1. Looking for something in contact (Cβ under 8 Å) with a residue 60 or more places away in the chain, of a type outside the set (Lys, Arg) and within 22 Å of A:LEU222 (Cβ to Cβ) - is there at least one such residue anywhere in region A:88-98?
2. Take the residues in region B:241-259 that are without any contact (Cβ under 8 Å) to a residue 12 or more places away in the chain and more than 7 Å from every other protein chain (Cβ to nearest Cβ); name whichever of them is farthest from B:THR401 (Cα to Cα).
3. Does region A:205-214 include one or more residues that are within 30 Å of A:PHE134 (Cβ to Cβ) and free of Cβ contacts under 8 Å to residues at least 12 places away in the same chain?
4. Residues of region B:314-328 being over 14 Å from B:ALA402 (Cα atoms) and not aromatic (Phe, Trp, Tyr), which ones?
5. Would you confirm whether any residue within region B:297-307 is assigned to a helix (DSSP H, G or I), in contact with a helix residue (DSSP H, G or I) (Cβ under 8 Å, 6 or more places away or on another chain) and free of Cβ contacts under 8 Å to residues at least 12 places away in the same chain?
6. Kindly indicate whether any position in region B:397-407 is out of contact with any strand residue (DSSP E or B) (no Cβ under 7 Å at 6 or more places or on another chain), surrounded by 15 or more Cβ atoms within 10 Å (Cβ to Cβ) and among the hydroxyl-bearing types (Ser, Thr, Tyr).
7. If the Cβ limit is 7 Å and pairs must be 6+ apart or interchain, which residue in region B:260-279 that is farther than 23 Å from A:VAL217 by Cβ pairs with which residue that is open to solvent by 70 Å² or more (accessible area, probe 1.4 Å) and part of a helix (DSSP H, G or I)?
8. If a residue has to be open to solvent by less than 60 Å² (accessible area, probe 1.4 Å), among the polar types (S, T, N, Q) and within 7 Å of chain B (Cβ to nearest Cβ) to count, how many in region A:397-434 make the cut?
Amino acid sequence: MADSGSEEIAVIGNTDLTPSESENNLKNTMVEKGTSLLKKMEISVAEAEKRTGKNAVNMQETYTVYLIETRPVDAASEGTNPVPDSLWRRYSEFELLRNYLLVAYPFVVVPPLPEKRAEFVWHKLTADNMDPDFVERRRVGLENFLLRVASHPVLSTDKIFYSFLTEENGWKETVFETGFQAKADSRLKALNATFRVKNPDKRFAEMKHYGDELQSVISQLLRVRARAADRLYGVYKVHGNYGRVFSEWSAIEKEMGDGLQSAGHHMDAYAASVDDILEEEEHYADQLKEYLFYADAVRAVCRKHELTQFELEMAAQDLISKKQQREELATGTVRTFSLKGMTSKLFGQETPEQREAKLKMLETQIEEGEELVKERKTECDEYVKSAWVDIERFKEQKDHDLREALISYAIMQISMCKKGIQVWNNAKECFSKM
Amino acid sequence: MSDPVVDNAVPSGNSSVAIPTDISGQILDLDEDDDLEVFSKGTTLTEGSSFNASMQTSPASLINQYKFEEEEEGDADTKDIFVTVDNPESIVTAIETFVTYRVMTKTTRSEFDASEFEVRRRYQDFLWLKGRLEEAHPTLIVHPLPEKFVMKGMVERFNEDFIETRRKALHRFLNRIAEHPIFSSTDDFKIFLTAESGELTSHKKQGPGFLSRMGETVKAVAASVRGVRNRPEEFTDMQEYVEAFTQKIGSLDKVSQRIVREKKEHLEELKESGPIYTLWSQSEEELAEPLKRMAGCLDSCCKETEEQVKELNDHLIPVLHEYVLCTETLKAVLRRRDNIQADFEAKTEALAMKKADRDAMRVELDKMEDRMEWANNALKSDWTRWQKVMRTDLRSAFVDTAERNVNYYEKCLAVWESFLHSQRTEAEGNGKVDSS
């Protein structure tokens, strides 16, 4: 694909892919199908560890690092299973990578990172970033992020990404050297464009609206789910009290004792089973969260379109006004109010030489303006094309993934029901022996 | 009182005997007369039925009558009286408003004039019956009545749910009385089931009633201050058991109520999630169908949960609550037994100290001793009976609860399995890659 094998590091705004090529890649976006990167290499985030060190302001801090392992695919299939290459990265480095990708590939719906802080928690989980459960779920999320990037037709070819996976030292400097931070669009600029753009592509406007709705609905779902999990936990755990009371009660009974005692054990088992159930549900919540954050990424792509469209409109507007000025100058008529016109009226007309000079300047400007408009139009059109390709890719991925998530939720509920049936049948048998 | 069965072992209705100062003994006499009357009608009762030996009032035979192992097997077959409480109605008069319940009796017992009866009774009437039974048989265990007022939750007396809960409890109460070998053959019970309102009112006016209860309470306090010297070990064991049982059943009641509360709160959250999935489906194309189904599944599970909670409230909670009330009864019974013994002990002491009137006192003492023995044996037998009934009641309550929980999970399982099925057939139909 676009990987020309050169030592070029900066690939900002690389849209080497032709529309037809990217169209082909649409079919290959599922992780299972794999990109050429994934065909070569297995990627995983194997472990997490706590470290302490001095930070930028020379203060002690504790942070977590994650072990990224890469393994050539061939070796694994040969069964030799050599030691994988590995390096340690912390969350902030993942963030840096993602920020780079956002700037370098604005037309791509860039996969999101797992959340920085635990949100939508229910009472059992702490919002503590050092909590082992949180760290574990983050490890999984980071691995998922890497796999998403590695399976993306465009992103997987990026050299910075490749070195993120393979070069521990000096990677940060390499990223900064690309100068991507300077190329990032300021928020203000983007916001301004959103308000003032006149003719954005309808599909992008709809997609942005969809992103808003998706974010809203998933947030609501996650909130309700967290509260429901809390309540379910309560229901199961209170049954543990049955266990305790039955056990105590069995001590004072003769014939009922055995039945009560064994029923009590089943109540304890029932109470304990909720922990696994809620852990699995947490996984479902994580799947929803990924798409909550994806919604943001989609909106970012749409906003970029608004920006390019706006810049095109601005350039076109500018050209029109310059042409108007030329016309006025050429024909001597003042159509619109302008300071120049006023001053010339006040201070006298210009000399023919002055007018000539002005006209020449305008001509140059108009030429440049037309070039600029052409450039921006191309930029805009190409952006629309490639962004829409990726949006279609994203839509298919989203439909597939979310359907799978719903299915896995149903499977989870089925498993929970089966466990419940088993426990209560056992309890029933014990009770009948009371 | 010419019943040949009665011997000198029991303080029977022989009016020439000095009336013991303990009123409960006096009441005992009265009821026994009535009972005697009933059974002197020359009826032949079925072998092994609970009414057979009831009028052989010697302690030994009393004990025997409680051994109804035979009865246990074919309980339903040998049951010869069926009582139901239903059809609550509000009655509004100038003075007050109250609820009456229809009490229907179907019986083959010959001491009843007919085989079917239908009367209307109010809560006060049930209360009266309970009081009478307790007075007549201070050491027998009467099944508890539902409480007068419900403090928690501020339930109105005329609220539908409250009336229904009360009706069910009253039904259970009467059935327990009907199943009890001694209680079900009392005159008071028969009158309760058969008398017209006017008749009942006048019957209520006879007999000790309120004053005697007051007297008993005073006596009970006095007795508890006096204390019992040589309580037989088995009654001390009973006391300990009752104390422990009170704690356990109280805990079970609280735990069960907590479970209901938590389930209700979980249900509230669950109810919110269905609509969110429906809302989401409106923004989607491919996903619209599975999302809508998801919402449907959650709504179905909500319905099942609601049903489950209702059944807990209707079945398990009332039974546990009744046994919480039972513990009060048990404590009272043990107290009364203690009082009878304390009275006897006091009298024995008095005898030792007095010089004159020894003979008369000795006769009285013998009567009291008999009475005490009788009370102890009655309690022992009824204790065994009560334990059996308690075991049956609580066992079936928990077995039913477990079964209902299994049903609940089975229904939810079916809901989710159909969801899975729909998604899998959908996937096969469409083929995954080509989007429609």
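The values are calculated or read from the model by the stated rules, or taken from the named source; none is laboratory data. Computed from a prediction, not measured in an experiment: that's the story for all the values here. In this analysis, Cβ positions are derived from the backbone assuming ideal geometry, glycine residues included, and neighbour counts consider all displayed protein chains. With ligands, DNA and RNA removed, areas are computed over all heavy atoms of the protein, side chains included. Shrake-Rupley method; radii C 1.70, N 1.55, O 1.52, S 1.80 Å.
1. no
2. Once the filter is applied, the top-ranked residue is B:GLU243.
3. yes
4. Of everything in region B:314-328, those that are over 14 Å from B:ALA402 (Cα atoms) and not aromatic (Phe, Trp, Tyr) turn out to be B:ASP314, B:PRO318, B:VAL319, B:LEU320, B:HIS321, B:GLU322, B:VAL324, B:LEU325, B:CYS326, B:THR327, B:GLU328.
5. no
6. yes
7. B:GLU262/A:ARG231; B:GLU265/A:ARG231
8. So the answer is 1.
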